[in-house]
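The values are calculated or read from the model by the stated rules, or taken from the named source; none is laboratory data. Here the structure is a predicted model, which means the values were calculated and not measured. Cβ placement follows ideal geometry from the backbone for every residue including glycine, while neighbour counts extend to all protein chains displayed. Note: areas computed on protein heavy atoms with side chains; ligands, DNA, RNA excluded. Shrake-Rupley method; radii C 1.70, N 1.55, O 1.52, S 1.80 Å.
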Amino acid sequence: MAERWTNTALLVIDMQKDFIEEGSVMQVKGGKSIVANVIRVVELARQRGILVIWVVREHDPRGRDVEVFRRHHYNSETVGPTVKGTVGAELVEGLIIREEEEDYKIVKTRFSAFFGTNLHSFLQTSGVNKLVIAGVQTPNCIRQTVFDAVELDYPNVTVITDATAAATPEIHTANILDMKNIGVKTPTLHEWSEDDFA
């Protein structure tokens, strides 16, 4: 079975405390409910020999690398969300980067994991042409990464529907439908674990 997954990578996107934990200005309301499923997706990926890529935001303390509409969160009086080296930039409990298992980390400063990063070249060098995606949030970083992957001609893109989340179920469902309509596979964790989706 491992041979089937050799050209596959799992992208775990933005599963950081500032996006998941309550009280953060950047909290994704549906994020906490998918943590257990994301942990399980990572476990399954490891069992299958799938390359795990952790996609995270790590920002400059003064917000010089964030989108214009978010810069007001970064000033001299408070520490902004997902600033490099802060607790808020850490992965949520239960998710661990395992470098000894050849996990890879991509730092991004925009919605797409491909924008301004070496992700595409790293995937090409690694022989990856199938992507599985989990994390937050569906209408922003998940959607933009997926659309970029499709634009870059990755022939097989899968979004685990109950290991991704948005502020509301309605927003999540609408965006999943949009991705499905461009040829993206959208299984549940159970369906993916049953091995029907590669």
| request: Compute the length gained on full extension between ASN118 and GLU67: take 0.36 nm times their separation in residues and subtract their Cα-Cα distance, giving the result in nm to one decimal. | output: 16.4 nm
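When ranked by the protection proxy of mean other Cβ atoms within 10 Å per residue, highest first, what sequence do the peptides 11-22, 181-192 form?
Order by mean packing, descending: 11-22, 181-192.
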| note | Magnitude of the Cβ-charge dipole (Lys and Arg +1, Asp and Glu -1) of region 71-145 about the Cα centre, nearest 20 debye, reported as 500 debye
| request: Quick one: order GLU3, GLU67 from most to least accessible surface, probe 1.4 Å. | output: GLU3, GLU67
| task | Might you report the magnitude of the Cβ-based charge dipole of region 8-194 about its Cα centre, with Lys and Arg at +1 and Asp and Glu at -1, to the nearest 20 debye? | result | 280 debye
| Within straight-line cross-link reach of LYS32, aspartates and glutamates at Cα separation under 19 Å, skipping those fewer than 8 residues along the same chain | ASP14, ASP18, GLU21, GLU22, GLU43, GLU90, GLU93, ASP162, GLU170
| field | Helix-only mean residue ellipticity at 222 nm for the chain, each DSSP H run of n ≥ 4 adding -39500 (n - 2.57), per residue, nearest 500 | value | -7000 deg cm²/dmol
| field | Estimated inter-spin distance, ILE106 and SER24, nm [label 7 Å along Cα→Cβ] | value | 1.9 nm
| query | Relative contact order for the chain: what is it in percent, counting Cα pairs under 8 Å that are at least 6 residues apart? | reply | 26 percent
| By average C-beta atoms within 10 angstrom, highest first, the peptides 69-81, 154-166 | 154-166, 69-81
| field | Surface accessible to a 1.4 Å probe, per residue, for the residues of the chain, Å² | value | 48 Å²
| Amide H of LYS105: which non-local residues (sequence gap of 5 or more, or other chain) have their own amide H closer than 5 Å, using H built in the peptide plane? | TRP54
| By DSSP, what percent of the beta bridges with both residues in the chain are antiparallel, rounded to the nearest 5? | 5 percent
| query | Projected onto the charge dipole of the chain (+1 at Lys/Arg Cβ, -1 at Asp/Glu Cβ, origin at the Cα centre), which of ASN129, VAL25, VAL38 gives the Cα projection farthest towards the positive end? | reply | VAL25
| Local electrostatic count, SER112, Cβ distance below 11 Å [Lys/Arg +1, Asp/Glu -1] | +1
| Once amide H atoms are built 1.01 Å from N in the peptide plane, which residues 5 or more positions from HIS59, or in another chain, come under 5 Å H to H? | VAL83, LYS84
| field | Virtual spin-label span in nm between SER33 and LEU152, 7 Å along Cα→Cβ | value | 3.1 nm
| Round to a whole number: what % of the accessible area of the chain belongs to carbon and sulfur, probe 1.4 Å? | 50 percent
| If amide H atoms are built 1.01 Å from N in the plane of the peptide, which residues on other chains or at least 5 residues away come under 5 Å of the amide H of LEU10? | LEU51, VAL52, ILE53, VAL132
